[in-house]
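Let me begin by presenting the structure, written as structure tokens, before commenting on it.
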Amino acid sequence: MADNTLNLIRKHDLLVCVDSDGCLLDNMELKHKECFCPATVNVWDLQAVSKYARKAAEFVNLYSRSRGWNRFPALVRTLDLLYDRPEVKEVGLQKPDLTSLRHWIEVTPSLSSPALRRYVEENNIQDETLLRAARWGEEVDENIRRIVRNILPFPNVKPTLTKIREYADVMIVSATPDEALIRELTACGVIDYFDCVAGQNTGTKTESIRMALETGGYTPDQVLKVGDAASDLKAAQDNGVMFFPIVPGKENDSWKELGDVALASFVAGVYREQKMDAYVENFLNSLPDAQTWD
């Protein structure tokens with residue numbers, strides 16, 4: 001973790017933690033299809049199987065329960081799925097040995113591109129897989145800086161956040177690097193809706209929620225995590241807080257449901273007992289776990 005403090009001052013009895021990409025901001029398709037996928041094909045020399053590389057990456061990052069994973073575990077899953085395809089095996093490409101990358105993912109306190117670059121340089125590492133992963137992360141970031149602009153929040157975000165702020169403190173809890181996160185939230189005019197921003201450099205989503213509980217003195221029954229990915233649900237479960245899903249493909253309807261229905265039950269203290277299970281079941285049913293891409 002790069003920063004174990006939060007600039008969060010409690011003003012209300014309740015706290016709502018909101019994810020960014022694909023939840024608040026309509027940018028997931030743009031980032032993964034135009035920034036992540038090209039970097040994956042380029043850095044990992046997948047030009048001969050780019051069609052299948054894109055399908056694997058999009059399934060992992062957009063259309064399955066690994067949606068919203070940190071980029072490095074998602075990269076490993078993408079490569080595992082890709083090289084398991086018969087069409088890729090027929091081409092004869094040699095799968096890279098991902099052992100060192102898997103190990104770094106397990107032991108690093110910060111799953112970020114700067115952390116990986118520091119790890120490589122400080123330990124004078126010559127391992128080709130880790131060097132490629134570092135280059136890949138940096139190329140992704142460069143693509144995002146170059147391409148991602150004119151992003152907008154989903155239409156019902158601002159009206160719903162306005163309602164939420166009447167009753168709760170609101171913070172961003174995201175796996176996006178902090179610099180990109182603040183830039184995008186500022187550019188689309190929503191940064192002022194949030195009392196605190198916790199991105200990838202602050203810690204994992206689980207760690208950021210834990211820090212918010214400790215810093216603000218909230219109890220788990222006073223905190224609601226809003227997100228569009230199973231990783232958001234897990235971060236909520238890890239901390240015992242409640243979860244409301246923004247369903248992929250139905251984002252605007254989900255924000256309206258949050259503002260018109262779910263918020264009232266959260267404020268009344270009955271959301272966990274009366275609403276949450278049905279929302280979570282519907283959400284999980286919308287995201288396949290097993291491989292479904294052709």
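Derivation of every value follows stated rules applied to the coordinates shown; laboratory data play no part. Since the structure is predicted, the reported quantities are computational estimates derived from the model, not experimental observations. Because the Cβ atoms are built from the backbone with ideal geometry, glycine has one as well, and the counts that use them run over all protein chains shown.
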Surrounding charge for R65, neighbours by C-beta under 12 angstrom, Lys/Arg +1, Asp/Glu -1, total 0
In the chain, what percentage of the DSSP-assigned beta bridges are antiparallel, given to the nearest 5?
5 percent
Filter on K205/K256; K55/K225; K163/K250; K55/K95; K11/K225; K31/K51 - keep pairs with C-alpha separation over 27 Å:
K55/K225
Scan around F243 for amide H atoms under 5 Å from its own, H built in the peptide plane at 1.01 Å from N, and keep only partners 5 or more places away or cross-chain.
K225
What is the calculated FRET efficiency for D277 to A187, with r their C-beta to C-beta distance and R₀ = 35 Å, to the nearest 0.05?
0.40
Please work out which option in (i) 50, 47, 39; (ii) 93, 44, 34; (iii) 59, 42, 34 gives Cα extents along the principal axes in Å calculated from these coordinates, and answer with its label.
(iii)
Fully extended contour minus Cα-Cα distance, from Q47 to K250, at 0.36 nm per residue
69.7 nm
Size of the dipole of the stretch 28-147 about the Cα centre, Lys and Arg at +1 and Asp and Glu at -1 on the beta carbon, nothing else charged, in debye to 20?
440 debye
Of the convex hull enclosing the alpha-carbon atoms of the stretch 28-147, the direction-averaged projected area in nm² is 7.2 nm²
Label-point gap, in nm, between V270 and D13 - each point 7 angstrom along Cα→Cβ:
1.6 nm
Stokes-Einstein D for the stretch 162-294 (20 °C, 1.002 mPa s, Kirkwood Rh from Cα pairs), in µm²/s, comes to 137 µm²/s
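So what is the calculated 222 nm ellipticity per residue for the chain, using -39500 (n - 2.57) for each DSSP H run with n of 4 or more, over all residues, to the nearest 500 deg cm²/dmol? Don't skip to the end; give the middle numbers.
On the way: 15 runs with 144 residues, N = 294.
Helix-only estimate at 222 nm: -14000 deg cm²/dmol.
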